[in-house]
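Please treat every number below as a calculation from the coordinates, not as lab data. Predicted, not measured: the structure shown is a model, and the values here were computed from it. Every residue, glycine as well, gets a Cβ built from its backbone with ideal geometry; the counts of neighbours run over all protein chains shown.
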Amino acid sequence: MQSARVARQNPRAIAEALISHMNFDWLERAEVAGAGFINFFLKSDMVYDTLKAILNAGTEYGIQPLRARDTIQVEYVSANPTGPLHVGHGRGAAYGSALVNLLRAAGYNVQSEYYTNDAGNQIDNMAISIEYRFQELQGATLVFPPKRNEDGSMPEFDIPEGALVFPENGYRGPDIIETAKAIAEREGFDTLNAMNEADRIALFKEEGLKEKLARLEETLSNFRVTFDNWFSERTVHESDEIHHSVAALKGSWQSV
């Protein structure tokens, strides 16, 4: 019917012309209905043969042969390893996992990747947060700064004598308390207190990151989401690949 204006013919005439060219093994017959609709009637053996094929193939039905050259990388979730996942991450995990499965079923060579943001301020803030919670486990009083005013200024707040002011950009979730407690029990309070603060925070950074990544992987596994590769952002900085790539791009621009 959409073609009636272009072909300048009655929709039923167009439908009848289409039917006259239909000669398929799976088609019993086709009929024009109403203003120009076409009803298709499938052969019974075609329907039954397809059902048999589906049952025989099981979960492999519809899977296409691997096209090795058609490589696709799907990176998803990739939440900062500083705390537990939330519902929003779960949505991304379900969407990304389904996309990977569909692409693989279509024959694409797919690699699923979790990009671990293990470099930068967020990891440093996590380590410092663990340090403050470690001090709290030993009796220190923590004071949490209030939310800043609209103009960006910090409201006045009381700080009891001897109390520690928790970092404004620190992570306040209860999982940080659990992490501090787990590391303290494993390493020993005396051992940790014997270290200088910088070395202790460096240890909290590494051990905290290990624990957070293990929790993330466990949560995603329970959600039946797995990854072919967990890529560390640190490795990019350590290998100096970014500088090599930028230099190569600058060279190509100069040559244009």
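Brief remarks on what is shown
- Sum of side-chain charges, Val100 neighbourhood, beta-carbon under 11 Å (Lys, Arg +1; Asp, Glu -1): -2
- Among residues other than Tyr171 with Cβ under 14 Å from its Cβ, the summed charge is -2 (Lys and Arg +1, Asp and Glu -1).
- The charge dipole of region 124-248, taken about its Cα centre with unit charges on the Cβ atoms of Lys, Arg (+1), Asp and Glu (-1) only, comes to about 340 debye.
- Identified option (computed P(r) over Cα pairs in 10 Å bins from 0, in percent; candidates (1) 6, 17, 18, 17, 13, 10, 9, 7, 3, 0; (2) 7, 31, 38, 19, 4, 0; (3) 8, 29, 32, 21, 9, 2, 0): (1)
- Each Lys or Arg adds one and each Asp or Glu takes one away; over the other residues whose Cβ falls under 11 Å from the Cβ of Glu75, this sums to -2.
- Simple Cβ-charge dipole of the chain, Lys/Arg +1 and Asp/Glu -1, about Cα centre, in debye nearest 20: 1660 debye
- Cα centroid separation, region 103-121 to region 145-200 (Å): 34 Å
- Whether region 61-212 is rounded, prolate or oblate, judged on the alpha carbon gyration tensor where a/c under 1.5 counts as rounded: prolate
- Residue (of Gly152, Met22, Leu103) at the positive-pole extreme of the chain, dipole from beta-carbon charges: Met22
- Label point at Ala94 placed 7 Å out along Cα→Cβ; residues across region 219-237 whose backbone nitrogen lies under 19 Å: 219-227
- Approximate spin-label separation Asp45-Ile242, in nm, with each point projected 7 Å along Cα-to-Cβ: 6.6 nm
- Estimated FRET transfer efficiency (Asn10, Leu66; beta-carbon r; R0 35 Å; 0.05): 0.15
- Candidate cross-link partners of Lys52 among the lysines, defined by an alpha-carbon separation under 17 Å and a same-chain spacing of 8 or more, comprise Lys43.
- Sites listed here are trypsin sites (Lys or Arg not before Pro) in region 1-67 whose DSSP assignment is loop and whose Cβ has at most 12 other Cβ atoms within 10 Å: Arg8.
- Were the residues from Glu161 through Lys147 laid out at 0.36 nm apart, the gain over their Cα-Cα distance would be 2.9 nm.
- For region 71-143, the orientation-averaged shadow of the C-alpha convex hull comes to 6.5 nm² (one quarter of the hull surface).
- DSSP-defined antiparallel bridges as percent of all bridges, the chain, nearest 5: 35 percent
- Simple spin-label estimate for Ala194 and Arg234 in nanometres, 7 Å along Cα-Cβ: 2.4 nm
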